[in-house]
Amino acid sequence: MHMSDTAPQGYRHTLGWNLGFSSYWFATSYKWFILLFILLPSMVDDMVEGGTKNTAWGLVLGTGAVWALIGPAIFGRLSETLGRRWRSTAPWLLLGSAMTCIALFTIHSADVLWVLAVGYFLLQFGDDLGTGPYAGMVASNVPEEHRGYASSILGACKLAGQIGSAVAAVLLKRPELILLGIALVNVIAAFSTSLTIRSIPPRPEPGERKGFWQEYIEPFGDHDFRIVWLNRVIVSFAFACVSAYTLNFLKDMFTEYRIFGLNLGSADNAAIALALTISFAGILGSIFSARVSDKIGRKPLLVRSGIIVACALIPIGFLPNLTAIFFCVLLFGIGNGIYAAADWALVSDILPQGEKAATEMGAWQSSETAVQIPAGILMGLLIDTLNRLHFGAGYQAMIAIAGTLFFGSIFLVKHIRGGH
């Protein structure tokens, strides 16, 4: 039986409260966007020989994600079962931001690949410390009739984080300043969200609980949870393929970087410009979703998102210049914004047991992190292998696979029985 519409005391249906509530998600998006899109691939490229950069970066990405398969669920469960002090989300956010700072210092110190990999693992660990307990808060504290709105604000903050991250990369330029900026944003956002949620009481005393692995696997016995999880696996895998290798795609496939005649000068600047386009367009999609999600439902929005993103993405691997690619990226961003605004609300609607929301949302979050393993280890190797056989074939295959997966995701949505 799915959780009821009743939410604990503390939620406020105002824009200001929801922005404060969502600020940690802003920081999380700020952190990952610039690291995965620009900084870490560039650092790997400087450490390895030419022709193997996608494989090496994929190994760092994939191996670091192994822990993240269970990390969010572990910390989500601890936030439900430990003493009263730890059944509040705030301490976990502060611990997560502290670990993030340690991880960023390790990344800054890395001069060989294995040290970078250690830093990336610590980054995942710190992320799970905070987001595991945090992920269950929409399901636990937002009434169903307001989840579309709350999820849309979360989606908008996620996209705003991407914009802030890309702008900071342009302004700060130096890696050490970018990393310092990420640390400061995470600490400030952790305190902001902690202050906002202080009116939410700690999670109730835990009743009789089963073993971790049993509770981790238990929600997958629910039909709708399986479908929503698998849908997000497909979408996240497709997006991970695109975002992780965009910089290398631009470096290898283009010799000049002009959009509407404006010379951007480098692949890094071109990647940032396209990233900003995705994020600004995504906010348009998120605003649209905020207006209609609670009226027409999340499932129709996910179907529209899948169609838009697939149609926008597939041509990119075959277009001759960045101006043509820009229009596809603009459409891609709108579709991505619609998806980001709807998926959190939908999974909150169909969670099997509300009292275990943090554990169940931790299991659901594995849908996003699990894909980094094949997207890293397999896709990086595939790109380099096909590129050696025929110049550019690896990137074209990557984009075609991602676009096909986005399109295929819409058929799963139609099999979700609950939610709306």
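The values are calculated or read from the model by the stated rules, or taken from the named source; none is laboratory data. These numbers come from a predicted model, not from an experiment. Here Cβ is always computed from backbone atoms with ideal geometry, including for glycine, and neighbour counts include all displayed protein chains.
For PHE254, state whether it is of a type in the set (Phe, Trp, Tyr), more than 24 Å from ILE401 (Cβ to Cβ) and surrounded by fewer than 18 Cβ atoms within 10 Å (Cβ to Cβ).
Working: of a type in the set (Phe, Trp, Tyr): yes; more than 24 Å from ILE401 (Cβ to Cβ): no; surrounded by fewer than 18 Cβ atoms within 10 Å (Cβ to Cβ): yes.
No, not satisfied.
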If I filter segment 37-64 down to residues being among the small types (Gly, Ala, Ser) and not in a helix (DSSP H, G or I), which single residue comes out as farthest from PHE237 (Cα to Cα)?
GLY50
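Matching residues to (1) within 27 Å of ALA56 (Cα to Cα); (2) outside any helix (DSSP H, G or I); (3) among the basic types (Lys, Arg); (4) within 21 Å of the chain's Cα centre (by Cα):
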{"site": "ALA240", "(1), (2), (3), (4)": "yes, no, no, yes"}
{"site": "GLU256", "(1), (2), (3), (4)": "yes, yes, no, no"}
{"site": "ALA271", "(1), (2), (3), (4)": "yes, no, no, yes"}
{"site": "ILE278", "(1), (2), (3), (4)": "yes, no, no, yes"}
{"site": "GLY282", "(1), (2), (3), (4)": "no, no, no, yes"}
{"site": "VAL303", "(1), (2), (3), (4)": "no, no, no, yes"}
{"site": "ALA312", "(1), (2), (3), (4)": "no, no, no, yes"}
{"site": "ALA324", "(1), (2), (3), (4)": "no, no, no, no"}
{"site": "LEU330", "(1), (2), (3), (4)": "no, no, no, yes"}
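Name the single residue, out of those in segment 196-213 being part of a helix (DSSP H, G or I), within 20 Å of ASP128 (Cα to Cα) and of a type outside the set (Val, Ile, Thr), that is modelled with the lowest pLDDT.
Looking at residues that are part of a helix (DSSP H, G or I), within 20 Å of ASP128 (Cα to Cα) and of a type outside the set (Val, Ile, Thr), I get PHE212.
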Only residues that are out of contact with any Gly (no Cβ under 9 Å at 6 or more places or on another chain), touching a residue at least 40 places away in the same chain (Cβ under 8 Å), surrounded by fewer than 21 Cβ atoms within 10 Å (Cβ to Cβ) and among the aliphatic types (A, V, I, L, M): list them for segment 371-411, please.
ILE401
Do we find that GLN365 is in contact with a Pro (Cβ under 9 Å, 6 or more places away or on another chain), in contact (Cβ under 8 Å) with a residue 12 or more places away in the chain and of a type in the set (S, T, N, Q) in this structure?
yes
Within segment 155-168, take every residue that is buried (at least 24 other Cβ atoms within 10 Å of the Cβ) and not basic (Lys, Arg) and give me the one that is modelled with the lowest pLDDT.
GLY155
